Amino acid sequence: MDKLSQILWRERELLEQLSYKLEVERLVLASAHTKWLVNATRDIEATLSEIRETEVMRAIAADEAAEALGLLPNPSLVALAEASDEPWRVILLDHRDTLVAIARDIAELSEQNRGLLTAGYRSAQETLLAFGGSASESYTHDGTAVAEAPRRHLVDRSL
């Protein structure tokens, strides 16, 4: 159980780190200083990789704990907690509750970031269309571009 608890602590730390990095990404997106967006995204991807590795270690430790308690492989934290004596029962339930809360925060931040990215994409697309692009541009079966005739735009060059 001790090994599982240590891995759960590490997973909690990594999820909190992911939450922080998603918040940084949100601030970068909101500030429109997109030159840092690549760095923020790279940091998130690195943290996600660490989380995946930790999840594998957690699954192995949970299976070992389940075997020691006479449970089937791949148990939930609740199942492990219910089969455990104190203080492990309380410790495992605390880990579960905290992991659920952090996951909820991460989902919310991810949704906010997705909204900001979508808004930025639409804004860039509208800007490009304003300078002579076309929303109806497409390609033929042989890859030739098919576009509307360019439209003339009045540009105030005094700015």
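For the range 1-31, which positions are free of Cβ contacts under 8 Å to residues at least 40 places away in the same chain and outside any helix (DSSP H, G or I)? Answer for the range 1-31, where residues must be free of Cβ contacts under 8 Å to residues at least 40 places away in the same chain and outside any helix (DSSP H, G or I): there is none. Would you check if there is a residue in the range 2-15 being on the phi < 0 side of the Ramachandran plot and at pLDDT below 95? The answer is yes; a qualifying residue exists.
Taking residues in the range 48-64 that are on the phi < 0 side of the Ramachandran plot and free of Cβ contacts under 8 Å to residues at least 40 places away in the same chain, and partners anywhere that are open to solvent by 60 Å² or more (accessible area, probe 1.4 Å) and outside any helix (DSSP H, G or I), the pairs with Cβ atoms closer than 6 Å and at least 6 places apart or on different chains are 63/73.
So the check is Cβ under 8 Å with 6+ separation or different chains; which pairs have a first residue in the range 82-108 that's closer than 20 Å to residue 68 by Cα and in a loop (DSSP other than H, G, I, E, B) and a second one that's open to solvent by 60 Å² or more (accessible area, probe 1.4 Å) and of a type outside the set (D, E, K, R)? From residues that are closer than 20 Å to residue 68 by Cα and in a loop (DSSP other than H, G, I, E, B), the pairs are 84/69. Across the range 18-71, the number of residues qualifying as exposed (fewer than 14 other Cβ atoms within 10 Å of the Cβ) and touching a Phe, Trp or Tyr at 6+ places or on another chain (Cβ under 7 Å) comes to 0. Among all positions in the range 76-92, there is no residue which is closer than 22 Å to residue 15 by Cβ, buried (at least 18 other Cβ atoms within 10 Å of the Cβ) and not hydrophobic (A, V, I, L, M, F, W, C). Quick test for you: out of 154, 116, 92, pick the one residue that is closer than 30 Å to residue 17 by Cα and modelled with pLDDT under 95. Going through 154, 116, 92 in turn, just one is closer than 30 Å to residue 17 by Cα and modelled with pLDDT under 95: 116.
The values are calculated or read from the model by the stated rules, or taken from the named source; none is laboratory data. Computed from a prediction, not measured in an experiment: that's the story for all the values here. Cβ coordinates were reconstructed from backbone atoms using ideal geometry, including for glycine residues, and neighbour counts include every protein chain displayed. Note: accessible area is taken over every heavy atom of the protein model, side chains too, but ligands, DNA and RNA are not part of it. Shrake-Rupley method; radii C 1.70, N 1.55, O 1.52, S 1.80 Å.
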